[in-house]
Amino acid sequence: MAKKNTAVFTCSACGNTQPRWLGRCPECGSWNTFEEGPPSGGGISGAPFGASSPGRSAAKPVPLASVDPLEGRRLITGIGEFDRVLGGGAMFRSAILAGGEPGIGKSTLLLQAAAAGTAGGAHRGRVLYVSGEESAAQIRSRADRLGCPVVDVHILCTGRLEDITDALSAVDPILVVIDSIQTVYSADAGAVPGTVNQLKYCAYDLISWVKEHDAVLFMSAHVTKEGIIAGPKVLEHLVDTVITFERNDDEVRFLRAQKNRFGGVDELGIFSMTDRGMIPVEDPSAMFITRRSGALPAGVACAPVFEGSRVFLVEIQALTVGAKAAVTRVFSDKIDSGRVSRVAAVLEKHTGLHFSDQDVYINVAGGVRLTESAIDLALAAALYSARTGVPLPAGVAFLGEISLAGEIRPVTRVRQRVKTAGVLGFGRVFAPADEGVTAVADVRELIAAVFA
């Protein structure tokens, strides 16, 4: 009689399962990532997800018309930039996953948010802070250094899921912080924390608890060397919001939402890391431009960009040098290199300026990453200025999307961008035809108007 298969093999990179070991994952293409585990049918070790939580009643359907929309309340942390990225605060009965490289400030910000969740207001309540990486003394020392109130903050230093669920029942917190989810494990899912089965099992159990209580769950997560959240993608699918931390070369931290079921994903939170913790930057509108007393150097152009509900003036810096090899290269980590190559090709086609023998370097002052197409015109001006060595006029900003035909296409909310540029001393904005701008129709017209 054939031997019954008692195990499955799971890819540690994407969560794909196979009945036998494979050298290369057919789903994500990763090599040597399959790990042997218990069969997945019927849950882990024959028990369904969430079975460790006692007293769970069966879910029953209800008419949607009878649901009270006021149940969608938010927990306001009082940290303005944090609440902005979350969409106006953390929604009750939601799970939020925070990722970022080590030392970027995840634990600091979550501790500040945990302490702020106990500080008065309509949502005053207890907080449960679970740490699988630090001792209680280390966390108390950090709280004292940051000046965080700890009266209603309960600390639990363990990674054992069963201890965490017991503490949830005993404390009944309004806010739960898990730092980090990769350190949580359950005996029902194996002996090693951080595996695919452990992450699925433990995260699902914690999320199931918060969905049944008026509470908010924050989970910090490790990241890979590529900067993406470690573990299977299913972990991001389970939660309601995914936020990531970025940093530039200074002490500035950027907070973005990659996924948000209760708000937008285009907001940018800006913090300054100090000895008092993560301090929100109150007026970030001018932090991405460099104030100079003299003339602009060649290769520098400014653009007003929207990040969520706010306008920032950003300085795009370009440098072109003769190629050192047979193949030219584009060095750009804050603007997509494909966009840089495309704008350079349009300039070469429609203005006759050659970039095909140049290495191109692009930087954004302040270290912010730009994705919107409204920066095309400023990028083109910076590239042309860098290639010719002719500086742009002072007090000039650029706004518009460039098509492959060299046309300048309109962008949204032009008047708000122009108004912010004017407040910061940019009296002239080149853009497609609109009120308050110097209208240009294509790149030839732009070059003639700016570099005449």
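The values are calculated or read from the model by the stated rules, or taken from the named source; none is laboratory data. From a predicted model like this one, the values you see are computed outputs, not experimental measurements. Every residue, glycine among them, receives a Cβ derived from its backbone with ideal geometry; neighbour counts consider all protein chains shown.
In contact with a helix residue (DSSP H, G or I) (Cβ under 8 Å, 6 or more places away or on another chain), surrounded by fewer than 21 Cβ atoms within 10 Å (Cβ to Cβ), touching a residue at least 24 places away in the same chain (Cβ under 8 Å) and not acidic (Asp, Glu), is that true of THR195? Yes.
The residues on offer are ILE243, ILE228, and the sole one that is assigned by TED's automatic domain parsing to the domain that holds SER107 and at pLDDT 90 or above is ILE243. If I ask for residues that are of a type in the set (Gly, Ala, Ser) and within 14 Å of the chain's Cα centre (by Cα), which ones from segment 81-104 would you list? Within segment 81-104, GLY87, ALA98, GLY99, GLY100 qualify. Looking at segment 262-269, is at least one residue part of a loop (DSSP other than H, G, I, E, B), exposed (fewer than 14 other Cβ atoms within 10 Å of the Cβ), in the same structural domain as LEU97 (by TED's automatic domain parsing) and out of contact with any strand residue (DSSP E or B) (no Cβ under 8 Å at 6 or more places or on another chain)? Within segment 262-269, none of the residues are part of a loop (DSSP other than H, G, I, E, B), exposed (fewer than 14 other Cβ atoms within 10 Å of the Cβ), in the same structural domain as LEU97 (by TED's automatic domain parsing) and out of contact with any strand residue (DSSP E or B) (no Cβ under 8 Å at 6 or more places or on another chain).
On inspection, ALA230 does not qualify as surrounded by 15 or more Cβ atoms within 10 Å (Cβ to Cβ) and over 17 Å from the mean Cα position of the chain (by Cα).
Does THR10 fit the bill of being among the β-branched types (Val, Ile, Thr), in contact with a Gly (Cβ under 6 Å, 6 or more places away or on another chain), at pLDDT 50 or above and outside the structural domain of GLY190 (by TED's automatic domain parsing)?
yes
Helices (runs of 4 or more DSSP H) fully within segment 144-240 that include at least 1 residues being more than 23 Å from GLU101 (Cα to Cα): 161-171, 196-211.
Close Cβ contacts (under 7 Å, 6 or more residues apart or on different chains) running from residues in segment 358-372 that are surrounded by fewer than 18 Cβ atoms within 10 Å (Cβ to Cβ) to residues that are among the aromatic types (Phe, Trp, Tyr) comprise TYR361/PHE331; GLU372/PHE306. Would you mind stating whether ARG276 is surrounded by fewer than 19 Cβ atoms within 10 Å (Cβ to Cβ) and either of a type in the set (Lys, Arg) or closer than 23 Å to ILE316 by Cβ (or both)? Answer is yes for this residue. Are there strands (runs of 3 or more DSSP E) fully within segment 287-385 with at least 2 residues that are of a type outside the set (Phe, Trp, Tyr) and either modelled with pLDDT under 90 or within 23 Å of the chain's Cα centre (by Cα) (or both)? List them. Of the strands (runs of 3 or more DSSP E) lying wholly inside segment 287-385, those with at least 2 residues that are of a type outside the set (Phe, Trp, Tyr) and either modelled with pLDDT under 90 or within 23 Å of the chain's Cα centre (by Cα) (or both) span 300-307, 310-322, 358-364.
Taking the criterion of being surrounded by fewer than 20 Cβ atoms within 10 Å (Cβ to Cβ) and in contact (Cβ under 8 Å) with a residue 40 or more places away in the chain, the only residue of segment 424-441 that qualifies is LEU424.
If you take the residues of segment 63-90 that are closer than 19 Å to ALA221 by Cβ and of a type outside the set (Val, Ile, Thr), which of them is surrounded by the most Cβ atoms within 10 Å (Cβ to Cβ)? This residue is LEU86.
In this structure, does GLU348 turn out to be in contact with a helix residue (DSSP H, G or I) (Cβ under 7 Å, 6 or more places away or on another chain), without any contact (Cβ under 8 Å) to a residue 40 or more places away in the chain and either over 29 Å from GLY294 (Cβ atoms) or not assigned by TED's automatic domain parsing to the domain that holds VAL311 (or both)? No; evaluated as a whole, the condition is false for this residue. Hey, any hits in segment 391-408 for a residue that's under 26 Å from the mean Cα position of the chain (by Cα), in the same structural domain as LEU446 (by TED's automatic domain parsing), hydrophobic (A, V, I, L, M, F, W, C) and surrounded by 23 or more Cβ atoms within 10 Å (Cβ to Cβ)? So far as segment 391-408 goes, yes, one or more of its residues are under 26 Å from the mean Cα position of the chain (by Cα), in the same structural domain as LEU446 (by TED's automatic domain parsing), hydrophobic (A, V, I, L, M, F, W, C) and surrounded by 23 or more Cβ atoms within 10 Å (Cβ to Cβ).
When SER272 is tested against (1) touching a strand residue (DSSP E or B) at 6+ places or on another chain (Cβ under 9 Å); (2) of a type in the set (S, T, N, Q); (3) over 30 Å from LEU110 (Cβ atoms); (4) not assigned by TED's automatic domain parsing to the domain that holds VAL411, exactly one condition is not met: (3).
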